[in-house]
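Novice: Please find one structure pasted underneath; my questions will follow.
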Amino acid sequence: MGFFESYGLFLLQFGTVAAILAFAVARALSRGGEDDGEGRLVIRRLDHQLRDLGRDLRDASMPRKARRAAHKADKKADKTDAAPDRSEADDASLRRIFVLDFEGDVAARQVSALAMEVNAILAEAKPGDEVLLRLSSPGGAVAGYGLGAAQLERLRAAELPLTVAVDKVAASGGYMMAAVAETLLVAPFAMVGSIGVVGTVPNFRRLLERGGVEVEQHTAGRFKRTLTMVGENDEAGREKFKEELAAIHDHFGRHLQRWRPALVLDRVATGEVWIGEQALELGLVDAIGTSDAWLLERRERPILALRWKASQGLGRRLSTGLQSMVERVVATLVG
């Protein structure tokens, strides 16, 4: 066996043992630290933040005496800024905007927090309120992003106006979520689309055989395992694997037809990614713009940014960090 083959076998063996150990340690550390709904909701007033930014800039260009007078006026305005009882208020400026952020990873782990944030909104929302979701995700696990889309569907079912703003990317599962929006806004160079499904299964059988490693795998059920990483794959398994991918792709298309019926699926469901104006021309999005500009135009209204912060013990933090490290390594190897 040549040097490179020997070295490759060593790396494979070492990587396999390391992966098994990492998985075992992560499972052990995360026990007792699972996301059980414990945590707290962090709320920030973005309209106050925007107001204060403007005041800071104003103050920088004013003489000291005028600045003191402006501060007194600000304090007086702030005291009278409290909104009246909503049952007595018809002013559109009092209708709240709830802002959510979703930074998606491959496993869509953020969906648990999203569910809690949606729960909070649905428990409190009044007629006239609306939701902005700032979404950024390259996609990932079908089940995870499907659940994320279902959380957004709850907002639509409650007849809350939902705007999704994509400032950078919403691809594959990310676009699956974004498509639920009543209004889908993208930045000029944001990337959307990638309406497709991919499945990658490396096979190390020949390398293992060269190293004298024999692997046995037994299944019950004809298609319990279509493709394997360590055994011999056959044509029937490959065809079944492709069939399963096609079924998921078809379901993805029907999801899009429900929420964006004007889309021509044969044109867009090709796995391609489009930016800005291209996406607008194809009907993938509704408007070009950024989330910052959208919020600034509505700064006279109460804007509340919500973030669910789950309680995490040391074990869960370590396991989350370990999982993120493994994902980055895998992404580097297959990217």
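FYI, it's all coordinate maths here, none of it is from the lab. Predicted model only: the values in this text are computed from it and were never measured. Neighbour counts run over all protein chains shown; Cβ positions are idealised from the backbone, glycine included.
Novice: Output the relative contact order of the range 85-227, whole-number percent, from Cα pairs under 8 angstrom with separation of 6+ residues.
Specialist: 20 percent
Novice: Another one. Report, in listed order, any pair from Lys168/Lys224; Lys79/Lys168; Lys224/Lys309; Lys76/Lys126; Lys76/Lys168 with a Cα-Cα distance greater than 31 Å.
Specialist: Lys168/Lys224; Lys79/Lys168; Lys224/Lys309; Lys76/Lys168
Novice: Please give, to one decimal in nm, the separation of the simple spin-label points placed at Asp56 and Arg206, each 7 Å out from Cα toward the Cβ.
Specialist: Computed distance between label sites Asp56 and Arg206 equals 6.0 nm.
Novice: Then there is this: Quick one, what does Rg over Rh come out to for the range 156-315 if you take C-alpha atoms and the Kirkwood Rh?
Specialist: Result for the range 156-315 is an Rg/Rh of 1.13.
Novice: Sort the following peptides by mean Cβ neighbour count (other Cβ atoms within 10 Å, averaged over residues), highest first: 214-220, 228-234, 125-131.
Specialist: Highest to lowest by the protection proxy: 125-131, 228-234, 214-220.
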